[in-house]
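I have placed the structure first, in the form of structure tokens, so that the comments after it can refer back to it.
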Amino acid sequence: MASDGFFIGADQLADIAQDALDYARSRGATACSTDVSEAYGQSVTVRKGEVESIEYNRDKGLGVTVYLGRQRGHASSSDLSRAAVHATVDAALSIAGLTADDPCAGLPEAELLANDFSDLDLYHPWDLPVENAIELAQRCEAAAFDVSRQITNSEGASVSAQQSHFVTANSLGFMGGYPASRHYISCAVIAGQADNMQRDDWYVTRRDPSELPDPVTIGDYCARRALSRLDARQIETCEVPVLFEAPLACALLGNFVYAASGGALYRKTSFLQDSLGQQIFAPCVNIQEKPFLRKGLGSGTFDEEGVATRERQVVENGVLNGYFLSVYSARKLGMRTTGNAGGAHNLILAGGKRKLDAMLELMGRGLLVTELLGHGVNYVTGDYSRGAAGYWVEGGKIVHPVHEITIAGNLRDMFRGIVEIGADRIVRGSKQTGSILIEKMKVAGS
């Protein structure tokens, strides 16, 4: 076993990647790229104090992309033996020989490849014996039940520790990789009985396990969220301001990322097509991409193609300055890659000074949304319609919980109608934002 719990050392990953490149070249490939990775971890779930599941994972993988001129083929394998590596390359070459010539296919331009491999402090392995993981999960769930007798059931509390490392390489001479970790604690409980039951959950994910909160605080907060939703009711159909709680605001930011991504743009399935330099958000909106944040969940000095990442102001005072492009999508659009093969890198929506209570006061009367249901987003037109639940607000204060409603609008109008972003910033994967207040949306109720 290699150090830090990996069976395969970093040098071995690099040797496997180089072998794939050399073999592809010997078999006639004009260019090649490869990814080699290994991951391991454990996840424990307890429910009502008893262990429900213990899962151990150990995975390894190889992905090979070859080019015969502008013909592309890709194959993958979970076997990293030399014979399997060569067989994977041969499979990719066979596929490439059957594909049509694509003028946009190919490796990145050499000058775009990363040469800075700074340590971003992404690897913090968690030496967590399974008995300790069970005890943490039990403490988390018990804290939820301790809040109130009205917490009547549980969907479980989970503790997960995950470690991985990888190497990305291509025939232009690029080779880079690093280890990373990702750990989380989660809880989901049910409050109430019979016809008056509500569910809620909460989780926290960190690179460094020392930065995870006490599991008791997660269970306690999860329970209080569920309790606060009891006696929910419908409201009459109306058009009012809507405040998206921070976790859902991250999802709204994700809607923007998808619409501004190269694949949707070159396929002409995005309402943000040809929007560069245009005012698509309210002037209060500023979105930065910061790939070099230490311990960031979306951090990295290069993307999945080896292209160097860079800090940039994606949206400035509401104006769209850049898309999210891979090498291929950029070529399809006649543009230059933004180093976003694989997605955005720590996208941060800058917030104001108001925390949630102050955001409610600013809204005055309207709807605080804390849960979204369904997938009602049409990215071609921007039409947005989602089932929702949350709280009705009057005079800047929560009056009662709300359920069985639908909120609707158009993402163009919603983005331009952003009144303010809260200071209650939360991290959800590669996105960070506080709550988002939108001037008005249609709310369909009773």
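The values are calculated or read from the model by the stated rules, or taken from the named source; none is laboratory data. Note that the coordinates shown come from a computational prediction; the quantities given were computed from them, not determined experimentally. Here the Cβ positions follow ideal geometry from the backbone for every residue, glycine too, while neighbour counts run over all protein chains shown. Note: accessible area is taken over every heavy atom of the protein model, side chains too, but ligands, DNA and RNA are not part of it. Shrake-Rupley method; radii C 1.70, N 1.55, O 1.52, S 1.80 Å.
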Between segment 76-90 and segment 245-282, the Cα center-to-center distance that results, in Å: 38 Å
Per-residue ³J(HN,Hα) for segment 421-438, Karplus 6.51 cos²θ - 1.76 cosθ + 1.60, θ = phi - 60°, Hz, x for Gly and Pro: 10, x, 8, 7, 5, 10, 9, 10, x, 8, 10, 9, 7, x, 4, 10, 9, 10
Length-normalised contact order for segment 90-197 - Cα pairs under 8 Å, 6+ apart - percent: 27 percent
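Counting Lys and Arg as +1 and Asp and Glu as -1, what is the net charge of the other residues whose Cβ lies under 11 Å from the Cβ of Gly422? Please report the intermediate quantities before stating the final value.
Working: positive: Lys353, Arg354, Lys355, Arg425; negative: Glu245, Asp357, Glu420, Asp424.
Surrounding charge for Gly422 is 0.
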Low-density loop positions, GluC sites (Glu not before Pro), segment 178-284 - DSSP coil, at most 15 other Cβ in 10 Å: Glu236
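Between Ile398 and Cys104, how high is the FRET efficiency from 1/(1 + (r/R0)^6) when r is the Cβ-Cβ distance and R₀ = 51 Å? Nearest 0.05.
On the way: r = 52 Å, r/R0 = 1.01.
After rounding to 0.05, the efficiency reads 0.50.
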Calculated from backbone phi, Karplus (6.51, -1.76, 1.60) coupling profile of segment 181-189 in Hz, x at Gly/Pro: 9, 8, 10, 8, 10, 9, 8, 9, 9
Cys residues of the chain counted as unpaired, since no other Cys beta-carbon is under 4.7 Å: Cys32, Cys104, Cys140, Cys238, Cys250, Cys284
Phi-based couplings in Hz for segment 352-366 (Karplus 6.51, -1.76, 1.60; Gly and Pro marked x): x, 9, 8, 7, 4, 4, 6, 5, 5, 4, 5, 5, x, 10, x
In range of the label at Arg82: residues from segment 49-72 whose backbone nitrogen is under 13 Å from the point 7 Å along Cα→Cβ: none
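Sorting Tyr323, Tyr184 by accessible area (1.4 Å probe), largest first, what list results?
Details: Tyr323 15, Tyr184 80 Å².
Of Tyr323, Tyr184, the descending order of accessible area is Tyr184, Tyr323.
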Dipole of segment 78-193, positive direction: furthest Cα of Ser158, Asn115, Ala92, with charges on the beta-carbon: Ser158
Accessible area (Å², per residue) of the chain, counting only protein heavy atoms and a probe of 1.4 Å: 44 Å²
Positive minus negative residues near Lys48 (Lys, Arg vs Asp, Glu; Cβ under 13 Å): -3
Degrees, to the nearest 10: 215-228 long Cα axis against longest axis of the chain: 50 degrees
Rounded percent of accessible protein surface that carbon and sulfur make up, segment 1-43, 1.4 Å probe: 48 percent
Two-site label geometry, Glu239 and Thr217: point separation in nm, points 7 Å out along Cα→Cβ: 4.3 nm
Among Leu113, Leu325, Leu362, residue whose mean-square fluctuation peaks in a GNM of the chain (springs only between Cα atoms under 10 Å): Leu362
Relative contact order (%) - segment 133-191, alpha-carbon pairs under 8 angstrom, separation at least six: 40 percent
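Using a 1.4 Å probe over the heavy atoms of the protein chains, calculate the carbon and sulfur portion of the accessible area of segment 228-353 as a whole percent.
Values: 2220 of 4870 Å².
Of all accessible area on segment 228-353, carbon and sulfur atoms account for 46 percent.
Using the Kirkwood radius built from alpha carbon pairs, what does the Stokes-Einstein equation give as D for the chain at 4 °C and 1.567 mPa s, in µm² per second? Please list the in-between numbers first.
Values: Rh = 24.0 Å.
Once the numbers are plugged in, D ends up at 54 µm²/s.
Kindly flag which residue pairs out of Lys290/Lys431; Lys60/Lys290; Lys295/Lys431; Lys60/Lys332; Lys355/Lys397 have an alpha-carbon separation exceeding 22 Å in this structure.
On the way: Lys290/Lys431 10 Å; Lys60/Lys290 29 Å; Lys295/Lys431 14 Å; Lys60/Lys332 32 Å; Lys355/Lys397 14 Å.
From Lys290/Lys431; Lys60/Lys290; Lys295/Lys431; Lys60/Lys332; Lys355/Lys397, over 22 Å: Lys60/Lys290; Lys60/Lys332.
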